[in-house]
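A short worksheet on the structure shown next.
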Amino acid sequence: QVQLEESGGGLVQPGGSLRLSCVASGSISSFYYLGWYRQAPGKQRELVASITGGIAYDVADSVQDRFDISTDNAKNTVYLQMNNLIPEDTAVYSCRATDTAFRDYWGQGTQVTVSS
């Protein structure tokens, strides 16, 4: 059973930065799809950034030029670098991995709060 564990969330002031990490229990190179999602209170979960097939990167328009997704295969880790944070970025951030059999795995999530 694959396990994903996020970390790096916390309280940050507007304009600040955070880097979220998602560590997988297995090799992330075995996953077809890796993504970061977020869910704010009272809102639906939305895709923030993803990597498909190891080469196709996608970032939501709302975070374009501020957020970036990357991987470190040696550490089995997916990162979400978040810069110039705004209060609207406040949410629980979760990572998702999909294997080649199209089985989905989710982490528990990490809270990000942007507030002065």
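Here are the numbers for the structure shown:
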| item | result |
| --- | --- |
| Qualifying positions in the stretch 49-72 - assigned to a strand (DSSP E or B), among the aliphatic types (A, V, I, L, M) and exposed (fewer than 13 other Cβ atoms within 10 Å of the Cβ) | A56 |
| Matching residues, the stretch 1-45, being over 15 Å from N83 (Cα atoms) and in contact with a Lys or Arg (Cβ under 6 Å, 6 or more places away or on another chain) | G35, Y37, Q39 |
| Residues of the stretch 1-13 classified as outside any strand (DSSP E or B), closer than 14 Å to T113 by Cβ and open to solvent by less than 90 Å² (accessible area, probe 1.4 Å), total | 2 |
| Any chance Y79 is part of a strand (DSSP E or B) and at pLDDT below 95 | no |
| Candidate set: the stretch 73-100, residues that are open to solvent by 60 Å² or more (accessible area, probe 1.4 Å) and without any contact (Cβ under 8 Å) to a residue 60 or more places away in the chain; chosen: the one nearest to T52 (Cα to Cα) | N73 |
| Subset of the stretch 14-48 [within 13 Å of V92 (Cα to Cα) and either assigned to a helix (DSSP H, G or I) or of a type in the set (K, R) (or both)] | R38, K43, R45 |
| Test: residue in the stretch 19-39 that is touching an Asp or Glu at 6+ places or on another chain (Cβ under 9 Å), open to solvent by less than 30 Å² (accessible area, probe 1.4 Å) and over 16 Å from W106 (Cα atoms) | no |
| In the stretch 84-116, the residues that are small (G, A, S), in contact with a strand residue (DSSP E or B) (Cβ under 7 Å, 6 or more places away or on another chain) and farther than 23 Å from Q64 by Cα | G107 |
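The values are calculated or read from the model by the stated rules, or taken from the named source; none is laboratory data. On a predicted model such as this, the values are computed, not experimentally measured, just so you know. Glycine gets a Cβ as well: all are built from the backbone with ideal geometry, and neighbour counts include every protein chain shown. With ligands, DNA and RNA removed, areas are computed over all heavy atoms of the protein, side chains included. Shrake-Rupley method; radii C 1.70, N 1.55, O 1.52, S 1.80 Å.
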